[in-house]
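Quick notes on the structure that follows.
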Amino acid sequence: MKISVGHTPDSDDAFMFYGMLTGKVPSDDFTVEHVIGDIEELNRLALDNELDVTAVSVHACAYLPKYTILRSGGSFGIGYGPIVIAKNKMTLEKLAGSKIAIPGKMTSAFLLLQLQIGKFEHVEMKFSDIPAAVSEEKVDAGLVIHETQLSYVQEGLEMVLDVGKWWHDSTSGLPVPLGTNVMSDRFDGKTIQKFDRYLQDSIKYGLEHQKDALDYAMKYSRGKQPSLIEKFVKMYVNDVTVEMGQAGEKSIRHFFGLAKNRGLVPEFELKINDKI
């Protein structure tokens with residue numbers, strides 16, 4: 001069966017898909033057509049049901065009635081997650097009244113920050129452009145994701161809010177729900193479970209062959225140092241990535257429960273694959 005599979009040009013996604021996309025982990029059931037896109041681009045493709053399987057922001061799942069969340073391949077922060085950066089320290093009150101650059105309206109980071117500080121003035125831009133926009137004072141602050149969470153210090157910027165820590169502390173330690181993989185409901189439940197296992201096998205292979213998988217992931221390093229990419233990958237490819245388990249599922253359900261209560265997402269049916 002030929003299926004389209006989308007992932008982002010990010011090192012953690014590349015690490016997860018290394019075994020699958022290099023043929024190190026073969027499948028008798030699936031032939032993968034590889035699609036690369038920025039997370040917000042993949043979110044939009046999923047809105048139009050254009051991909052069979054794709055990485056998306058957890059937030060985007062509120063608008064994807066034709067997809068089921070897979071149990072493997074999720075990006076969860078364990079006590080860490082998106083942060084807000086600025087040129088200088090600022091109070092939470094001042095930040096709430098600031099113009100903040102965000103990496104997309106459907107990113108989980110955007111919804112998490114709204115849950116923390118309420119609705120705010122924002123400007124959408126590519127996530128990798130946000131630190132420069134902050135430095136050049138095009139915006140007052142920037143919500144950063146991916147490896148820019150680790151590299152902002154090198155650009156002389158300050159962390160003014162730790163969104164991941166806020167979530168961890170306010171939920172008694174639930175993992176931070178950021179990214180996930182979804183599969184179209186045009187496939188039956190058994191096929192979805194088969195692909196979920198296939199992706200899980202690919203992730204396990206990467207973890208068992210870390211040096212080779214990290215070398216492959218460096219194709220998507222955007223010029224960052226190998227040590228920083230390795231740190232980033234190890235942050236976001238963790239035990240909850242292999243299988244979300246009860247903690248990961250509870251985290252996603254709590255995330256949307258809060259968002260629905262505050263009118264930040266519509267009412268929708270949350271569909272999560274029940275087993276691998």
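The Cα-based radius of gyration of the chain, divided by its Kirkwood radius, gives an Rg/Rh of 0.95. How many angstrom lie between the C-alpha centres of the range 109-134 and the range 221-276? The distance from the Cα centre of the range 109-134 to that of the range 221-276 comes to 18 Å. This model, with +1 at the C-beta of Lys and Arg and -1 at the C-beta of Asp and Glu, gives the chain a dipole about its Cα centre of some 400 debye. Remark: for residue pairs K190/K231; K66/K260; K2/K66; K94/K224; K99/K165, the C-alpha separation exceeds 24 Å in K190/K231; K94/K224. For the range 1-46, the square roots a ≥ b ≥ c of the C-alpha gyration tensor eigenvalues yield an a/c of 1.5 or more together with a/b not exceeding b/c, which makes the shape oblate. Within the range 83-170, DSSP assigns beta bridges of which about 55% are antiparallel (rounded to the nearest 5). Using only the Cα atoms of the range 83-170, build the gyration tensor, take square roots of its eigenvalues as a ≥ b ≥ c, and label the shape rounded, prolate or oblate: rounded if a/c is under 1.5, else prolate if a/b is larger than b/c, else oblate. Judged from the Cα gyration tensor, the range 83-170 comes out rounded (a/c under 1.5).
For a straight C-alpha distance cut-off of 20 angstrom, the aspartates and glutamates reachable from K87 (same-chain residues fewer than eight places away being disregarded) are E121, E124, D129, E136, E137, D140, E147, E155, E158, D162.
Each value in this text was obtained by applying a stated rule to the coordinates, not by laboratory testing. Given the structure is predicted, the values throughout are model-derived calculations rather than measurements. We place every Cβ from the backbone using ideal geometry, glycine too, and count neighbours over all the protein chains shown.
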